[in-house]
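Notes follow the structure.
The values are calculated or read from the model by the stated rules, or taken from the named source; none is laboratory data. A quick note: this is a predicted structure, and the numbers were derived from the prediction, not measured. Neighbour counts are summed over all protein chains in view; Cβ atoms, including those assigned to glycine, are modelled from backbone coordinates with ideal geometry.
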Amino acid sequence: DVKVTQSSRYLVKRTGEKVFLECVQDMDHENMFWYRQDPGLGLRLIYFSYDVKMKEKGDIPEGYSVSREKKERFSLILESASTNQTSMYLCASSRRGIFYEQYFGPGTRLTVT
Amino acid sequence: RKEVEQDPGPFNVPEGATVAFNCTYSNSASQSFFWYRQDCRKEPKLLMSVYSSGNEDGRFTAQLNRASQYISLLIRDSKLSDSATYLCVVTAGGGGSNYKLTFGKGTLLTVNP
């Protein structure tokens, strides 16, 4: 059974804190993605990685960075959390060439106070 | 015009009803089209691809009209388990951005007993 796991389901952080969201997939997928999902705005792509150490900006990369040191792991970093980064964060992975079939993790509900 | 537009609903239908969702997209260079399904408080999952010739998977039929930049999803004989948010998904125009999925905000369906 394919699986994408995320380090936390719920996270509460203070403004200005550095936040790490971790994602691990066990499907040997080349592509990994970070999205955020907000009511009324839908799913928006933050960053994408198509290989270890490779990354590309999505639609809303400002305030975020990513790290992919191993194929199975993709981390999203909020350098200095702000209240407008309160959101549901979803990680996904897919095979190279079948990018449209993305497998999502359960999400991390991040609240920044 | 937004990239991908869907009627947000909610659609409330009785079991056994036929229901149709529509989606329009603004980028005429978009190449591939999909429907994802997201259950309440769960992650999105690929439901089906959409082809110009239309495609059917059991009670679900998806259609694409490239000339009108319009995608539809028809669900026949609705079941309680069909209750979910249905996300229209479009790939960005060609070239290196092929990997990028643009999600609509979703249409909420509730099937009532």
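Test B:T110 against the stated conditions and say whether it is closer than 30 Å to A:R109 by Cβ, surrounded by 14 or more Cβ atoms within 10 Å (Cβ to Cβ), touching a residue at least 24 places away in the same chain (Cβ under 8 Å) and in contact with a Ser or Thr (Cβ under 7 Å, 6 or more places away or on another chain). Can you show your working first?
Numbers: closer than 30 Å to A:R109 by Cβ: yes; surrounded by 14 or more Cβ atoms within 10 Å (Cβ to Cβ): yes; touching a residue at least 24 places away in the same chain (Cβ under 8 Å): yes; in contact with a Ser or Thr (Cβ under 7 Å, 6 or more places away or on another chain): yes.
The answer is yes for B:T110.
Name the strands (runs of 3 or more DSSP E) wholly inside segment A:1-55 in which the number of residues that are of a type in the set (A, V, I, L, M), more than 10 Å from chain B (Cβ to nearest Cβ) and surrounded by fewer than 16 Cβ atoms within 10 Å (Cβ to Cβ) is 1 or more.
Working: elements: A:4-6, A:10-13, A:19-25, A:31-38, A:42-51.
It comes to A:10-13.
Looking at segment A:67-104, which of the residues that are among the aliphatic types (A, V, I, L, M) and not in a strand (DSSP E or B) is nearest to the other protein chains (Cβ to nearest Cβ)?
Out of the qualifying residues, it is A:I98.
Look at segment A:80-100 and say how many of its residues are at pLDDT below 95 and either exposed (fewer than 14 other Cβ atoms within 10 Å of the Cβ) or β-branched (V, I, T) (or both).
The qualifying residues number 3.
Determine whether segment A:56-63 contains at least one residue that is surrounded by 15 or more Cβ atoms within 10 Å (Cβ to Cβ), more than 10 Å from chain B (Cβ to nearest Cβ) and farther than 27 Å from B:R37 by Cβ.
Within segment A:56-63, one or more residues are surrounded by 15 or more Cβ atoms within 10 Å (Cβ to Cβ), more than 10 Å from chain B (Cβ to nearest Cβ) and farther than 27 Å from B:R37 by Cβ.
Got a number for residues in segment B:32-75 being at pLDDT below 90, within 14 Å of chain A (Cβ to nearest Cβ) and surrounded by 13 or more Cβ atoms within 10 Å (Cβ to Cβ)?
So the count comes out to 1.
Where in segment B:1-104 are there strands (runs of 3 or more DSSP E), lying wholly inside it, with at least 1 residues that are free of Cβ contacts under 8 Å to residues at least 24 places away in the same chain? Give the derivation first.
Numbers: elements: B:4-6, B:11-14, B:19-25, B:33-38, B:44-50, B:55-57, B:60-65, B:70-75, B:84-91, B:101-103.
Hits in segment B:1-104: B:44-50, B:55-57, B:60-65.
Could you list, in sequence order, all residues of segment A:63-105 that are out of contact with any His (no Cβ under 6 Å at 6 or more places or on another chain) and among the charged types (D, E, K, R)?
Correct list: A:R68, A:E69, A:K70, A:K71, A:E72, A:R73, A:E79, A:R96, A:E101.
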